[in-house]
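Take a look at the structure below.
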Amino acid sequence: MKTMQDVLQTLVDQDLDQYREVIDYCGTRVTADEGIPAIIGLDDLTGSWDKTYEGAKDDEELHMMMAAGALIFASLYEQKTKEELGHYPAIAPAMSAVAERFFTVDENGDEVQYREVVKDFLKK
């Protein structure tokens, strides 16, 4: 698994255009057709057992990328006006963009975007 240092090192020379493209795409998404990607982690904090929530094994490689992505997307969304954000805090659309960009991984461990997963199911 990549460490945060590994992830930050990959960001040094990274072009933010791919993040801006995801933001643009999220702004034009037709949720009635493709839904809204989400990353959900639930845990019963009231239970008396010691077992805690564990994410999907296949997604472990994405943990640090999602964390760094949330920072990048939030920073880019913070450059928008309140009206452009729909009066939401920047982290709200940023988390949707994170779920779009880092939805799952393929057999090589590469990120697969949500739109790639649902493209065959979209209404024509």
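The values are calculated or read from the model by the stated rules, or taken from the named source; none is laboratory data. Everything numeric in this text was worked out from a predicted model, so none of it was measured. Virtual Cβ from ideal backbone geometry, glycine too; neighbours counted across all protein chains shown. Surface accessibility is based on the protein's heavy atoms, side chains included, excluding ligands, DNA and RNA. Shrake-Rupley method; radii C 1.70, N 1.55, O 1.52, S 1.80 Å.
Tabulated values for the structure
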read-out	value
Of residues in the stretch 59-84 being part of a helix (DSSP H, G or I) and either of a type in the set (D, E, K, R) or over 18 Å from the mean Cα position of the chain (by Cα) (or both), the one nearest to residue 110 (Cα to Cα)	61
Verdict on residue 55 being under 20 Å from residue 105 (Cα atoms), at pLDDT below 70 and loosely packed, with under 12 Cβ neighbours inside 10 Å	no
Index of the failed condition, residue 87 passing every other in (1) more than 16 Å from the chain's Cα centre (by Cα); (2) on the phi < 0 side of the Ramachandran plot	(2)
Residue within the stretch 93-106 that is outside any helix (DSSP H, G or I), open to solvent by 20 Å² or more (accessible area, probe 1.4 Å) and free of Cβ contacts under 8 Å to residues at least 24 places away in the same chain present	yes
Number of the condition not met by residue 110 [criteria: (1) touching a helix residue (DSSP H, G or I) at 6+ places or on another chain (Cβ under 8 Å); (2) modelled with pLDDT under 90; (3) acidic (Asp, Glu)]	(1)
The one condition in (1) farther than 24 Å from residue 3 by Cα; (2) among the hydroxyl-bearing types (Ser, Thr, Tyr); (3) at pLDDT below 90; (4) surrounded by fewer than 11 Cβ atoms within 10 Å (Cβ to Cβ) that residue 81 fails to fulfil	(3)
